[in-house]
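As structure tokens, the structure follows; a few thoughts come after it.
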Amino acid sequence: MNDSTGFGEMLRARRQRVGLTQAELARRAGVSVRTVRHVERGDVSVRADSSQRLADVVGLGAATRPPGFRLAVLGSLEVTRDGQRVPIRAAKHRALLAVLALGANTVVRREEIVDVLWGESPPQSCANLVHTYVSALRRALGSPGRIASVQGGYRLLVDATEFDLLRFDQLAATARSLEDERPAEAMAAYAEAVRCWRAPLLADLPDAVRGHPVTAVVTNRRVGTVLRYADLALRQQRGGEVVEQLTMLANEEPLHEDVHARLMLALAASGRQAAALRLFGVLRRRLDEELGVEPGREIRAAYERIIQGAEKPPEGAGRPPVPAQLLADVGGFVGHAAALGQLDSVLGEVSAGRRGTMAVAMIVGTPGVGKTSVAVHWAHRVRDRFPDGQLHVNLRGYAKASPMRPIEALARFLAALGVPPHRVPAEVDEAAGLFRSLLADRRVLVLLDNACTAEQVRPLLPGGAGNLVLVTSRDRLGGLVATEGARSIVLDVLEPAESRSLLEDLLGAERAEAEPEAVVELAAACAHLPLALRIAGANLAASQGGVGEYVRAMRSNGRLRELAIGDDTAVRAAFDLSYHRLGERARRLFRLLGSVPGPDFTIPAAAALLGSDVATARSLVGALAEAHLVQRVPGERYQFHDLLREYAVSLVDEHGGDPTALDGLYQYYLRAAGSAAETVYPTTARIPARDEPARAVRLTEEEAIAWLDAERPNLCAAAVSAAANGRHRYAWLLASTLREYFRMRGFNSDGLAVGHAALAAAREKADRAAEAAAYDMLGLLYYNLSDYRRSFEMHTDALALRRGSGDRFGEAASLHCLGRVLSHFGRPAEQARHHESALELNRELGDARGEAESLNYLGVALLKVGDPRGAGRYAGRALALSGRIGDRELQAKVLHNLGVIRRETGTPAEAMNCFVECGSLFTALGDRHGEAGTAVCLAEALCDAGRYAEADERAWFAVRLGQELGERRQEVGGRDVLGVVRLRTGRAREARAHFEEALGLSREVEFGYGLWTAELGLSEACRADGRHAEALERVRRAVEDMHEAGARLLDVRADVELAWCHTGFGDLERAEEFARRAERDAHERGQRLMGARASNVLGHVLARKGEHAAARAAWQAALVIFAEAGAPEADQVRNLLT
């Protein structure tokens, strides 16, 4: 077995163990499903970075990644061989390898090496020392021929598969060559090239190496490549893809105006105009403070474009997919040449650029005249003129049930354009704005079928001049003509010759020619309406009777014409004949289907309505389809023409309805949704339904998700209609069943619609339990949307109702939810009180899962009030209890909390073990919010251990995932770690940019903890730049806010920072006071690593005061803890003691 095969087998085994499909693994790793297949079967051609991302997703360690020699300088200096890191610890050895790498495959002169290693004062034996160092490197690299000796110097031999700098240059050159002819491939090559960079060049080496002239050249190549990548991405309307790389580069080049200008435009292109404008303000202030200048032309031009709204390309990672949503073209289409010509004329205006905005064409006419058929037929004719896609939606404007809301249509369009469900705004104005942004500068055909009002249409209009909107309606919608300049095309019935032609196609020429006069009479009897003609033709094609006989039957049925649909008696007559040809059970099913609330239905849903088995329902629905009374659509689903739905409803009014049938449908939806939800979210508490039927057949997790996704529009419609038609309990039962599905899958807009319907139904029936459950559901969804104020209000209302009704289980749940929101606000004392109350209730009620969850979050609260030991006790009990229950989700949360506690108590290695374990669980559960939070905490622990390159990678992952999820707290946490990494590696200006971004984001979402850590980070960055007054002001502000909120976890860190600030001012007495208080508090709370940092600053203060023995004692105490924790400060303190 080769090494690649071994890695593939390990990957496959790990993937199956954590419960991921190949498709899910591919999505999370950002690779194709084909790549996953290649890796798992040992295909050696798969790129190393792809394999590494796959390994990261499933939690495989670095040792399991693909083997071979690898040299990396685009970040920290790293060497790996056969998947294992090669330790090169000696500073001179590392500096020598870096110099040789910068001149890879060329001769590096011995004089150049000596200059870098010793500067202006080389030892006399420098030549011999260089030879010794080279020999040591050859042994470490495991290949004597890797470094060749040549006249006057040395040559490092590597190729692009082994050396990240060569790989970067190769990919960048490929991308440049593809820009004009194949831009999509160029984008892919650029993306792979810039991913080679993990951090600044040789980030962990001293200035003597980083100051080598070649480093400036390489850095400039990187900047140039990223700028070209950004320019191409913006031209291709894919600006969101370059935000991450531009952000990284902007933080490393805090005064580079070209980089910041592109980043502003890319942020705006990804829908983050506020962040783009905030960046302009930060840069303007920085330029003024550090250089005394105003932003240049490039920055000002970018600012103006954003202000004017000119930079609004599509959102989302990667180019949105090209939707193709048109219905199938109409077979045997005839007639309406004039209408088609008018539509061609509108398209000609768009193509010629004679319109300054998108064009709107409206096809209006009587029911059954063929509006949809004409629209779909013409759209298929011209679809190649709209290369960016075709969108289609039935707005159900004339259905008995409520028409489709604009937000529903927008959610479907945005999903088709590649926007993840959790990124779809809940408010119609925001969703419409995003829709317009996505279609700016694109050519898309939008077909809005069955619109009833101009107000229903307006939010669905794109803004780009290359787009065309085609609307069908029974009404003229004069508001669109007056305001949007819509072209109204009135569709008339077919001409007699066109009607005959259509009937000949349907009946066959021989049969039509046998009864020419009867064919003419049939066309007239159908009023030359295409829908009536097609139904009549279908009936005749299925029978052996003559055309004349059929016409006589239509005429004899005149008594039914009085019940016409609108003014169209011919349509009613055609429907009647089709309907009466059915058997009694098929007729009953047809009538019942008119009451289905959703846009379509399945065979099991029809069976539930009918109260029959599935086989019977399938046979009857087939009969309806053959009679053209229902239409089959993809996915074994069926739907009505809007006129046929009206007709079915009119028959119910005529014959009387069956109220129990709709109950059967609601029960089916509730039963099936409950079965699916229990499969995916087994621990979710739901409102019990006393008479709920037995569960449906158990599904696999993938089947359950697929069913919920497919039925989501029908389930939402069922819940909303149940609230409106008096079946209130189904509204809140469906809402309760679907709560976790909406929350975890990110379908916030649908969830809010169902939640508000459930709330209205519960209020109508004065059902306090259902009302409280609806409030809690809405609170969770608003929390998902970062609307924490409204989330708090919803959970508060739920708590009041549950206490008033004596619902103690519900009271515990609401207390828990409120505690989570209070944690976000930075109010840990209040959070602790809520979780203590929830814990007491759960214990009284015997709810083991609730008790474990309360213990865990109480531990979180105690940690934040500054009691890590107490937090650890609660977390330990929660872990034991969750293990007995066997709840993986709860175990992951508790492990995460334990990791945070162990980091705070100074054991970063143990913390990392917790984070790796809980990260694997979150991945297996599909909990991406948990993955993001774990990435932040793991990055913090890695930073404590001095593993800065790995910390940087995890922090960037958290930032990216936080942005994708809309979870700003994790983005803040990632930024904070990025700032700390840069402080620890001597890049204070870059650090400051990250902390400023974290501070701004924290203010936006009222994230208290994020505000304080950002202020403390900025204080340290200011000190590094010599701005001691600003540093002191920032830390004082943070302390004041923390103490007001009752949050004491950061007290020791703040006191350490205050000690350093006063040391900078020369106020050694105050500095000693803060250092000793920090040392004492850290010891009492068990914060060992922070205690060591307090002892370290105390040693510096005492040394400045001349108390050298006391200073050494303080440093020795710090060294013991730093060494035990594996912290990088240990080496610094050792140097002080030597």
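We did not get these values from a lab; they are worked out from the coordinates using the rules stated. As the structure is a computational prediction, the values presented were derived from the model and not from experiment. Here the Cβ positions follow ideal geometry from the backbone for every residue, glycine too, while neighbour counts run over all protein chains shown.
What list of ³J(HN,Hα) couplings, whole Hz, do you get for region 647-654 from phi and the Karplus terms 6.51, -1.76, 1.60, once you set θ to phi - 60° and write x for glycine and proline?
Rounded to whole hertz, the list is 4, 4, 5, 5, 5, 4, 4, 6.
If amide H atoms are built 1.01 Å from N in the plane of the peptide, which residues on other chains or at least 5 residues away come under 5 Å of the amide H of Val633?
Under 5 Å from the amide H of Val633: Tyr638, Gln639.
In whole Hz, what ³J(HN,Hα) sequence does region 219-225 give by Karplus (6.51, -1.76, 1.60; θ = phi - 60°), x for Gly and Pro?
Along region 219-225, the couplings run 4, 5, 5, 5, 4, x, 5 Hz.
Could you give the semi-axes, largest first, of the ellipsoid that matches region 973-1137, computed as the square roots of 5 times the alpha carbon gyration tensor eigenvalues and rounded to whole Å?
Over the Cα atoms of region 973-1137, the ellipsoid semi-axes are 26, 16, 16 Å.
Full extension from Arg85 to Leu845: what is 0.36 nm times the residue separation minus their Cα-Cα distance, to one decimal in nm?
That pair, Arg85 and Leu845, stretches by 268.3 nm at full extension.
Return the long-range amide H neighbours of Gly153 (sequence gap of 5 or more, or a different chain), with a cut-off of under 5 Å between placed amide H atoms.
When sequence neighbours closer than 5 places are left aside, the close amide H contacts are Arg110.
Is region 337-490 best put as rounded, prolate or oblate by its Cα gyration tensor, with a ≥ b ≥ c the root eigenvalues, rounded for a/c under 1.5, and otherwise prolate when a/b is larger than b/c, oblate when not?
oblate
Taking amide H positions as placed in the peptide plane 1.01 Å from N, state which residues far from Met362 in sequence (5 or more) or on other chains have amide H under 5 Å from it.
Here the answer is Val471, Arg487, Ser488, Ile489, since their amide H atoms fall under 5 Å of that of Met362.
What nm value, rounded to one decimal, do you get for the distance between Arg585 and Glu836 when each label is placed 7 Å out toward the C-beta?
Each label point is offset 7 Å from its Cα along the Cβ direction, giving 6.6 nm.
What GluC sites (Glu not before Pro) does region 83-151 have in DSSP loop regions with at most 12 other beta carbons within 10 Å?
The qualifying sites are Glu120.
Mind listing the phi-derived Karplus ³J(HN,Hα) values for region 526-533, rounded to whole Hz, using 6.51, -1.76 and 1.60 with θ = phi - 60°, and x for any glycine or proline?
8, 6, 6, 8, x, 4, 5, 4
Could you check the simple spin-label distance between Ala1113 and Ala188, using points 7 Å along Cα→Cβ, in nm with one decimal?
Between Ala1113 and Ala188, the simple spin-label model gives 6.8 nm.
Under the rule of -39500 (n - 2.57) per DSSP H run of 4 or more residues, summed and divided by the residues of the chain, what mean residue ellipticity at 222 nm is obtained, to the nearest 500 deg cm²/dmol?
Computed ellipticity for the chain at 222 nm equals -21500 deg cm²/dmol.
Taking the Cβ-Cβ separation of Ala514 and Ser351 as r and a Förster radius of 45 Å, what is the calculated FRET efficiency to the nearest 0.05?
Calculated value: 0.45.
Quick one: grab the alpha carbon gyration tensor of region 583-641, order the square roots of its eigenvalues as a ≥ b ≥ c, and give me rounded if a/c is under 1.5, else prolate or oblate depending on whether a/b is larger than b/c.
Rounded, because the longest to shortest axis ratio a/c is under 1.5.
At 1.002 mPa s and 20 °C, plugging the Kirkwood radius over alpha-carbon pairs of the chain into Stokes-Einstein gives what diffusion coefficient in µm²/s?
64 µm²/s
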